[in-house]
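Please read through the structure below; I'll follow up with questions.
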Amino acid sequence: ASCRKSVRGFPAQRAMVASVAAYFAKFAGSKAAGTPKPPLTHTCWSFLGAFAGIFVLGQIHAHIVIPTIHGPLLVAAFGAMAVLLFSAIKAPVAQPYNTICGNIVGALVGVYVVSIMEAIGYGDCFWFSGALSVSLTIVAQEHLDAVHPPGGATALIFALTKPLHKEHFLFVLCPAATGAIIMVAIAVIVNNLAAERTYPQWWWPKATPSPADVATQAAMPSPMSIVMEGECMQREVSRSTVETVETGDTGETTEQEPCDALNPVYECYLDKFAGVGGQAPPKPSLSESFFSFMGSFTGMAVLGLVDTYVLGPQYDMKVEVAAFGAMSVLIFSTSKAPLAQPTNAILGNTIGGAVAVIVVACMQYLGLLEHTYTCAALSVALTIAVQEQTNTVHPPGGATALLYTITPPMQALHQKFIFAPAFLGTVIMVGMGVVMNNLSPARTYPQRWLFDDSKKEAEPQVDPRRLRILSL
């Protein structure tokens, strides 16, 4: 009673208690529904596209880029990009503008931050450079309508990899811009072969489609469906028949060149390249970008400090790797997205680590480990397949898988890689996401803890008299 009387007498204290209670109440999430598991046909196309994308990128890296400019093309960020471009193809963050512009922004920010840190004599403060690069990348992406999680990974890769610092702005051209353009091109070619896919949804985010355009695109068959229905076969028969046409009163006949039977297939395939149109989500306010910046900076700084001063020197483990740059963008800029929720993050990234370890071990057993880019493509593609069929799609998991397969020092960790960085680093980032995101009045993170929190049984109601102190 005396406590209640005391709180009644101090409005500021009452408001503070209510605010703290509301803050911690958001930790329970929004009880959001889950997402449906995709069919196996969707997963097959995702696997095919991701394998093709990473394999082609690896071959260009090995046979063109390395011999000519002596720099990298295939970096871990493209594992996360493959998940977006071939599994989450309808997401705004997966569209070409976001992919190319967002990845270039990440590279530019990383180069500028490292240059400034080196100029002021703190070039070796990698944890700070990494945190600042990723958080500034998020702010720039948000206000350019170009949010793209792998861009955060690209920024972090440059900040943490000292041999890359000498490349300066060449890093922006290759791998950031060149790799993103190649991946988008492969995504356009492969995705549109599937009956149920149209990629991109839009090329430019402001091109909002008319209802007629949307209806026309939805009704348009894919080339694969035409072939399966036998229409193409019928046209081939008609193509082989030479038509004769009477000309005028003379009764003479001339051969008429038949139309190309494959044109309808090519036309409907190429028409899908134009997309269905769309509009980017609205730009966040400056205050929300501030929360994105602070959340990302704090999360990446904690991760970097744990890596630098705890796990690295004492346990020979890593937690600050490229995948967490992409994860930071997801958790702190797109916190409502299904891909950013704890179940997807923790399980999806752990799956990426586990799949990569298994693939590398199998390739080594078979004596095929020297085929690095086949191994890399297989790791990323299998990661996507397992994520989809376990309903845990999470783009940074692709980056985790790719990092392990192309980085010999990571392979030296063997099974420890699954625990740290894959699992432990994700737990730290999710924890920081819960703590930092919920400081914003406009945010609730997570939206759900499990696969589908909307199916939970109603929790027992708390006696309102126990909470009366908060409403006085």
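For segment 109-125, in order, what is each residue's ³J(HN,Hα) by Karplus, 6.51 cos²θ - 1.76 cosθ + 1.60 with θ = phi - 60°, in whole Hz (x at glycine and Pro)?
Each residue's phi maps through the Karplus curve to give 4, x, 5, 5, 5, 5, 4, 5, 4, 5, 5, 9, x, 10, x, 8, 8 Hz.
Rank these residues by their accessible area, most exposed first, probe 1.4 Å: ILE69, ILE104.
ILE69, ILE104
I need to check one value: relative contact order of segment 1-141, counting alpha carbon pairs closer than 8 Å and at least 6 residues apart, in percent.
RCO, segment 1-141: 14 percent.
Over segment 320-437, average the accessible area per residue using a 1.4 Å probe and give it in Å², no decimals.
On a per-residue basis, segment 320-437 sits at 30 Å².
Additional query: What ³J(HN,Hα) values, in whole Hz, does the Karplus curve 6.51 cos²θ - 1.76 cosθ + 1.60 give for segment 44-51 when θ = phi - 60°, with x put for Gly and Pro?
4, 5, 4, 4, 4, x, 5, 4
Have a look at LEU311, GLY352, HIS371 and report the one farthest towards the positive end of the charge dipole of segment 268-376, computed about the Cα centre with Cβ charges (Lys/Arg +1, Asp/Glu -1).
My answer, from the dipole projection, is GLY352.
Let me ask you something else. So what does CYS44 come to for accessible area, using a 1.4 Å probe and Å² rounded to 10?
Here the accessible area works out near 80 Å².
Distance from a point 7 Å along Cα→Cβ of GLN364 to each backbone N in segment 372-388: keep the residues under 20 Å and list them by number.
Of the residues in segment 372-388, 372-383 have backbone N under 20 Å from the label point off GLN364.
Which percent of the accessible heavy-atom area of segment 72-208 goes to carbon and sulfur, probe 1.4 angstrom?
76 percent
Keeping the other protein chains in place, figure out the carbon and sulfur percent of the accessible area of segment 263-388, with a 1.4 Å probe.
Here it works out to 69 percent.
If you average the sequence gap of Cα pairs under 8 Å that are 6 or more apart and divide by the length of segment 88-198, what percent do you get for the contact order?
35 percent
Okay, moving on. How much accessible area per residue does segment 20-104 have, counting only protein heavy atoms and a probe of 1.4 Å, in square angstrom?
39 Å²
Taking θ = phi - 60°, what integer Hz values does the Karplus form 6.51 cos²θ - 1.76 cosθ + 1.60 yield along segment 77-87, in sequence order, with x for Gly and Pro?
These are the phi-based 3J(HN,Hα) values: 4, 6, x, 5, 5, 4, 4, 5, 6, 10, 10 Hz.
Okay, moving on. Starting from the residue with the highest accessible area, list LYS283, LYS272 in decreasing order, probe 1.4 Å.
Descending order: LYS283, LYS272.
Could you put TRP204, TRP449 in order of accessible surface area, largest first, with the 1.4 Å probe and the full protein assembly present?
TRP204, TRP449
Quick one: accessible surface of LEU132, probe radius 1.4 Å, all protein chains present, in square angstrom to the nearest 10.
Number for this one is 40 Å².
Which whole-number value in Å² is the accessible area per residue of segment 140-205, probe 1.4 Å?
32 Å²
What is the distance, in nm, between label points placed 7 Å from the Cα along the Cα-to-Cβ direction at ALA119 and at HIS168?
1.2 nm
Keeping all protein chains in position, work out how much accessible area ARG448 exposes to a 1.4 Å probe, and write it in Å² to the nearest 10.
Accessible area of ARG448: about 10 Å².
Want the number for GLN314 to GLU196: 0.36 nm per residue separation, take away the alpha-carbon distance, what's left?
37.4 nm
Okay, next question. For HIS414 paired with SER285, estimate the spin-label separation in nm (one decimal), with each label point 7 Å from Cα along the Cα-to-Cβ line.
According to this spin-label approximation, the distance is 5.4 nm.
Would you give the gap between the C-alpha center of segment 277-292 and the C-alpha center of segment 395-425, rounded to a whole Å?
With segment 277-292 and segment 395-425 each reduced to a Cα centre, they are spaced 32 Å.
Further, regarding this structure: If you stretched the chain out fully between TRP203 and LEU40, how much longer would it get, using 0.36 nm times the residue separation minus the C-alpha to C-alpha distance?
Difference between extended and current length: 55.9 nm.
Go ahead and run the numbers for FRET between LEU439 and LEU48, Cβ-Cβ distance against an R0 of 51 Å, rounding to 0.05.
0.75
The values are calculated or read from the model by the stated rules, or taken from the named source; none is laboratory data. Since we're looking at a predicted model, the values are computed, not measured. Cβ atoms come from the backbone with ideal geometry, glycine included; neighbour counts cover every protein chain shown. Note: areas computed on protein heavy atoms with side chains; ligands, DNA, RNA excluded. Shrake-Rupley method; radii C 1.70, N 1.55, O 1.52, S 1.80 Å.
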